[in-house]
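Below: one structure in structure tokens.
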Amino acid sequence: MILISKGILRRTIVCESDDKDDDVSKRFTVTLPDSVFEDLEVLADEQGRPTANLAAFLIEIGIKESKERGEFPEKPKTSKAKKAKEDG
């Protein structure tokens, strides 16, 4: 998907993570400047993987590094959605 916002060409990709800690992968949309998306495409092609897969991997790495530096708040033991499901 291509969006034009404030005169800047942006590309939107859907990221999906395969985090083994969660039961289900989550999907969401990320909007990137065209130049960033092109760099992501080049690196994904070089690695022989889909662009969205590489984006999901880079987001995961960024979050892990942020946690290691202590910049990330601790995650609650139980998410609101999981608690609501358990409470039924």
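The values are calculated or read from the model by the stated rules, or taken from the named source; none is laboratory data. This structure is a prediction, so every number in the text was calculated from the model and none was measured. Cβ sites come from the backbone with ideal geometry, for glycine too, and all protein chains shown count toward neighbours.
So Thr12 fits all but one of (1) outside any strand (DSSP E or B); (2) surrounded by 12 or more Cβ atoms within 10 Å (Cβ to Cβ); (3) at pLDDT below 80; (4) among the polar types (S, T, N, Q); what number is the exception?
Evaluating Thr12 over (1) outside any strand (DSSP E or B); (2) surrounded by 12 or more Cβ atoms within 10 Å (Cβ to Cβ); (3) at pLDDT below 80; (4) among the polar types (S, T, N, Q) leaves (1) as the failure.
I would also like to ask the following. So, in the range 23-58, how many residues would count as being assigned to a loop (DSSP other than H, G, I, E, B) and not small (Gly, Ala, Ser)?
Within the range 23-58, residues that are assigned to a loop (DSSP other than H, G, I, E, B) and not small (Gly, Ala, Ser) number 5.
So for the range 24-31 (the condition being touching a Lys or Arg at 6+ places or on another chain (Cβ under 8 Å) and either modelled with pLDDT of 90 or more or surrounded by 12 or more Cβ atoms within 10 Å (Cβ to Cβ) (or both)), does at least one residue qualify?
Checking the range 24-31: at least one residue is touching a Lys or Arg at 6+ places or on another chain (Cβ under 8 Å) and either modelled with pLDDT of 90 or more or surrounded by 12 or more Cβ atoms within 10 Å (Cβ to Cβ) (or both).
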